[in-house]
Amino acid sequence: METNASEKLSCLIIGSGPAGYTAAIYAARANLKPVLYQGIQPGGQLTITTEVENYPGYPEGVMGPEMMVDFEKQAARVGADIRYGIATKVDFSSSPHKVWIDENKLIETHTVIIATGASAKWLGLESEQRLNGFGVSACAVCDGFFFKGKEVAIVGAGDTAAEEALYLSKLCTTVHMFIRRDQMRASKIMQERVMNVTNIKIYWNTDTEEILGGNNVTGVRIKNNKTGELQTILVSAFFVAIGHQPNSDIFKGWLDMDDAGYVKTVPGTSKTNVEGVFAAGDVQDKIYRQAVTAAGSGCMAALDAERWLTAKGIH
Ligand code: NDP
């Protein structure tokens, strides 16, 4: 184990989803000699999805984990130094910035690209975990298509749930929407849209007790938390849309963030409030959250980092 070793870099990338690897590809090709630390979940959220059909360039679709192996191979082939390790602490008070890996390895780097992503929140049911990827999904835009013409369910009542319910309503026969209170958190306009769609059936004051099915989702058991009434509904898929948690804890106090912890970037760029620190992908995007948008923002971050280094005369 490395202890107290300090390494000096031009460009450090933290995170290994589409944003991190794309930043690595661009930074390596620009000769920034980037080092990328993969983090807790190498490959990121795509490693817990099944088939990806909406990433351009894969006409037959691709399995999420396989796609991330492709991203990693491409980054390695152009010279990125990809390492297993977790960034555990940062100090952005002066340049070069300090980042600690696995608590004991110190890296001093002129630029940092933060691509630590976000994690979907889950209800915490055993059945939800068991059937994840087999009808349970936290991304309607990714997986809704596989349930075209079927009945599906969604839990959540924020803007994401509203948007995903609307998306599913165009593909599926009926969308059963479970809301734990007697009102929705989503913006007024999104609420109105959901209410006006006839094939979205809303269940107020409703908790999910269990997702049913052996190998695939076949139904869901719900409970009205006011009356205690139990009900079983037959569905082919169960979408969880109860929010995401950006993986930004170690940057708190250094970077400007919104209330939910998303890192703020200057619109149209990847620049954070700290010179030389850039953010890409889901850690700074609560709206689009797609592999392709994350990859695009990773490219932006690498170009921003390169320009920043050039402007400072650092090679
Ligand atoms: P939110 O935190 O806004 O909403 C989460 C929803 O999930 C809430 O309705 C909450 O219920 C519900 N929920 C949480 N935990 C549970 C649980 N255990 N069981 C059942 N329900 C649960 O998250 P979103 O992802 O919807 O949105 C995040 C942010 O992104 C918001 O600021 C939103 O406005 C924004 N956004 C904007 C979009 C746009 O502008 N197009 C699109 C998507 C998101 P309760 O209300 O009872 O707490």
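The values are calculated or read from the model by the stated rules, or taken from the named source; none is laboratory data. This one's a predicted model, so the numbers in the text were calculated from it and none came from an experiment. Quick reminder, even Gly has a Cβ in these numbers, built from the backbone with ideal geometry, and neighbours come from all protein chains shown. SASA here: full protein model, heavy atoms, side chains in, ligands and nucleic acids out. Shrake-Rupley method; radii C 1.70, N 1.55, O 1.52, S 1.80 Å.
Looking at 198, 109, 116, which is the one that is in contact with a Gly (Cβ under 7 Å, 6 or more places away or on another chain) and polar (S, T, N, Q)?
Of the residues listed, the single one that is in contact with a Gly (Cβ under 7 Å, 6 or more places away or on another chain) and polar (S, T, N, Q) is 116.
Scan the stretch 192-204 and tell me whether some residue there is over 25 Å from the mean Cα position of the chain (by Cα), within 12 Å of the ligand (Cβ to nearest atom) and assigned to a strand (DSSP E or B).
yes
Can you give me the number of residues within the stretch 142-191 that are of a type in the set (A, V, I, L, M) and either within 21 Å of the chain's Cα centre (by Cα) or at positive phi (or both)?
9
Of these, 103, 66, 60, which one is assigned by TED's automatic domain parsing to the domain that holds residue 283 and within 18 Å of the chain's Cα centre (by Cα)?
66
Is it the case, given these coordinates, that residue 53 is charged (D, E, K, R) and surrounded by fewer than 15 Cβ atoms within 10 Å (Cβ to Cβ)?
Working: charged (D, E, K, R): yes; surrounded by fewer than 15 Cβ atoms within 10 Å (Cβ to Cβ): yes.
Against the criterion (charged (D, E, K, R) and surrounded by fewer than 15 Cβ atoms within 10 Å (Cβ to Cβ)), residue 53 qualifies.
Output yes when any residue across the stretch 187-198 is open to solvent by less than 10 Å² (accessible area, probe 1.4 Å) and either at pLDDT below 95 or in contact with a helix residue (DSSP H, G or I) (Cβ under 7 Å, 6 or more places away or on another chain) (or both), and no when none is.
yes
Is it the case that some residue within the stretch 64-76 is open to solvent by less than 40 Å² (accessible area, probe 1.4 Å), part of a strand (DSSP E or B) and small (Gly, Ala, Ser)?
To start, the set of residues in the stretch 64-76 that are open to solvent by less than 40 Å² (accessible area, probe 1.4 Å) comprises 64, 67-68, 71, 75.
Pick out the ones that are also part of a strand (DSSP E or B) and you get none.
Within the stretch 64-76, none of the residues are open to solvent by less than 40 Å² (accessible area, probe 1.4 Å), part of a strand (DSSP E or B) and small (Gly, Ala, Ser).
Which numbered condition in (1) assigned by TED's automatic domain parsing to the domain that holds residue 148; (2) crowded, with 17+ Cβ neighbours inside 10 Å is the only one that residue 299 fails?
Failing condition for residue 299: (1).
When both residues are 6+ apart or on different chains and their Cβ atoms are under 9 Å apart, which pairs have a first residue that lies in the stretch 112-138 and is free of Cβ contacts under 8 Å to residues at least 24 places away in the same chain, and a second that is within 14 Å of the ligand (Cβ to nearest atom) and open to solvent by 20 Å² or more (accessible area, probe 1.4 Å)?
Note: pairs meeting the criteria are 126/210; 129/122.
In the stretch 236-293, which residues are surrounded by fewer than 17 Cβ atoms within 10 Å (Cβ to Cβ) and among the hydroxyl-bearing types (Ser, Thr, Tyr)?
Correct list: 269, 288.
Suppose the filter is open to solvent by less than 50 Å² (accessible area, probe 1.4 Å) and either assigned to a loop (DSSP other than H, G, I, E, B) or hydroxyl-bearing (Ser, Thr, Tyr) (or both); does residue 26 pass it?
Criteria not met by residue 26.
Testing residue 230 on (1) open to solvent by 30 Å² or more (accessible area, probe 1.4 Å); (2) more than 16 Å from the ligand (Cβ to nearest atom); (3) not assigned by TED's automatic domain parsing to the domain that holds residue 158, one condition comes back false. Which one is that?
Every condition holds for residue 230 apart from (3).
Residues are listed down the side, and each one gets a yes or a no for (1) under 23 Å from residue 32 (Cβ atoms); (2) at pLDDT 95 or above; (3) touching a Gly at 6+ places or on another chain (Cβ under 9 Å):
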position	(1), (2), (3)
249	no, yes, yes
265	yes, yes, no
280	yes, yes, yes
308	yes, yes, yes
311	yes, yes, no
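Pairs only if they're at least six apart or on different chains, beta carbon under 9 angstrom, first in the stretch 301-313 and at negative phi, second open to solvent by 50 Å² or more (accessible area, probe 1.4 Å) and assigned to a helix (DSSP H, G or I); list them, first residue then second.
301/26; 302/26; 302/29; 303/26; 305/26; 306/26
Report yes if some residue within the stretch 207-216 is surrounded by fewer than 20 Cβ atoms within 10 Å (Cβ to Cβ), assigned to a helix (DSSP H, G or I), in the same structural domain as residue 169 (by TED's automatic domain parsing) and more than 13 Å from the ligand (Cβ to nearest atom); otherwise report no.
Among the residues of the stretch 207-216, not one is surrounded by fewer than 20 Cβ atoms within 10 Å (Cβ to Cβ), assigned to a helix (DSSP H, G or I), in the same structural domain as residue 169 (by TED's automatic domain parsing) and more than 13 Å from the ligand (Cβ to nearest atom), which makes the answer no.
I need the strands (runs of 3 or more DSSP E) fully contained in the stretch 98-185, keeping only those with at least 1 residues that are within 16 Å of the ligand (Cβ to nearest atom) and open to solvent by less than 10 Å² (accessible area, probe 1.4 Å).
Details: elements: 105-114, 118-120, 151-155, 174-178.
Answer list for the stretch 98-185: 118-120, 151-155, 174-178.
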